[in-house]
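Here the structure comes first, spelled out in structure tokens, and everything after it is commentary.
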Amino acid sequence: MKKELKKQVGVIRVSNPVGLLPRKTWNVLLVNAYDELLSKEEHTISIQTLSETVGFNSKDVATLKKSLQKLQTTIVEWDVGGQSESKGVSFKEFSSVQMLGGFKVKSGTITYRYDKCLKEVLYNPIMYQEIGIAQQKVFNTSYGLYLWENCLRYINVGSTGFSTTEEWRKLLGATVKSYDVYKDFKKHVLTPAINEINKLTNIFITLKTRRTGRKITHIGFDVEENKQELLPISDGLLDIKNSAEYKKLKSYKIADVQAITLIQEHGYKYISEKIGILLEQKNIKNPSGFLIEAIEKDWKSSSLEQKRLEKKKNENNRKEEANKLLIEKEKKIKAKEKKKEIENYIASLSKEKLEEVDFDFIKKYKSNPMIKRFLSDGKIDFSSCSYVLRATYNTFVYDNYMK
């Protein structure tokens, strides 16, 4: 499958150590604005959509603002290495263009814009780089993301070719003086970035070096598709937007950039399956929320039915437990009322009748090991306050005189 954003190489090959989150944000903002890049001055995206697409906590708006400010204040050096210029196109005139123009954040929505010259470069690319906004979510380091961006477009060629170590340092934003020494540059930048790419992404790269005398002066990378079961190398942006799955996601009011990300991340067949699950349901109040959850949690039709059955079972269990508690409560109330009724009856008996009742009780229980110790000289000793004695006596009275 090949479904991702075509992004101009001059834009990607830029010497700007902006950081991981700003770089991810930059890619998502471009995807979001791409269709109307030349026709509209301003573009909008919700904080929630942007945050979910870059894999960031949407509640931390302050950090997201800092990323936007970083893009707004970053001056870019286009086409490091002169690859575009060698093809007859120069971007030197854009060397002082900001990555992002003005922006504002209000009521959960980000409104942003690009410089006019930059928009023309972004929308009319000379050479292309495919950027997967779903794939970039896996990166934990900016060096890994930058290196991946600059190697991915060589997947069909098999190699990046060689460039000087200084050019690669600019591309990766590793321009601090401590990386002047190649072994430190390799240890702290290249090796971690290569490991991250090979472990987490859709390509596998191998470092190559070239020496001038005893010093390593040029490096490059062999690039091949990663055989692990990771995100596939996806289709282009236009292909995604022409797909039935994309149109269906849009019909459920799912944001443009989020729909693209879901398709890039999961593929057409998977998305179609989850749409089918949604269509099986009735009276869904929030179809888009249901669909996104079905996609992210990999709901299956059978598992959904199982979930429904488990929910029904839990509801039945709760009802059964509530009924048990109600029955127990009613029993206690009835027992309390019965006890009061018996006590009132006993209190209403004449002395002679009470002696008759006691005589009958003693006669029946005089051999009972639990009761006989309370019986003496034809009398019942209630002074011990024995619960067993009182309960037995009350039951005897109720059964023999009150029924």
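In this structure, the pairs whose alpha-carbon distance is over 24 Å, taken from Lys70/Lys104; Lys247/Lys307; Lys70/Lys253; Lys250/Lys307, are Lys247/Lys307; Lys70/Lys253; Lys250/Lys307. Full extension of the segment from Asn344 to Ile216, taken as 0.36 nm per residue of separation minus the current Cα-Cα distance, would add 35.5 nm.
Between Tyr387 and Lys285, the simple label model (points 7 Å from Cα in the Cβ direction) yields a spacing of 4.7 nm. With 0.36 nm allotted per residue and the present C-alpha distance subtracted, the Tyr398-Lys366 stretch has 9.6 nm of extension available. A viscosity of 1.567 mPa s and a temperature of 4 °C, combined with the Kirkwood radius over C-alpha pairs in the Stokes-Einstein formula, give the stretch 167-278 a diffusion coefficient of 75 µm²/s.
The stretch between Asp377 and Lys247, if pulled fully straight at 0.36 nm per residue, gains 37.1 nm over its current Cα-Cα span. Modelled this way, with points 7 Å down the Cα-to-C-beta line, the labels at Phe162 and Thr109 are 5.4 nm from one another.
Compute the FRET efficiency between Glu315 and Gln98 as 1/(1 + (r/R0)^6), taking r as their Cβ-Cβ distance and R0 = 51 Å, and round to the nearest 0.05. Efficiency for this residue pair is about 0.35. Put a dot 7 Å past each Cα toward the Cβ at Lys307 and Leu326; how far apart are the dots in nm? Spacing of the two 7 Å Cα→Cβ label points: 3.0 nm.
Between Val181 and Leu207, the C-beta separation translates, for a Förster distance of 22 Å, into a calculated FRET efficiency of about 0.85.
Here, each number is a calculation from the coordinates, and none is a lab measurement. No experiment lies behind these values; they were computed from the predicted model shown. A quick note on method: Cβ atoms are made from the backbone with ideal geometry, for glycine too, and the neighbour counts reach across all protein chains shown.
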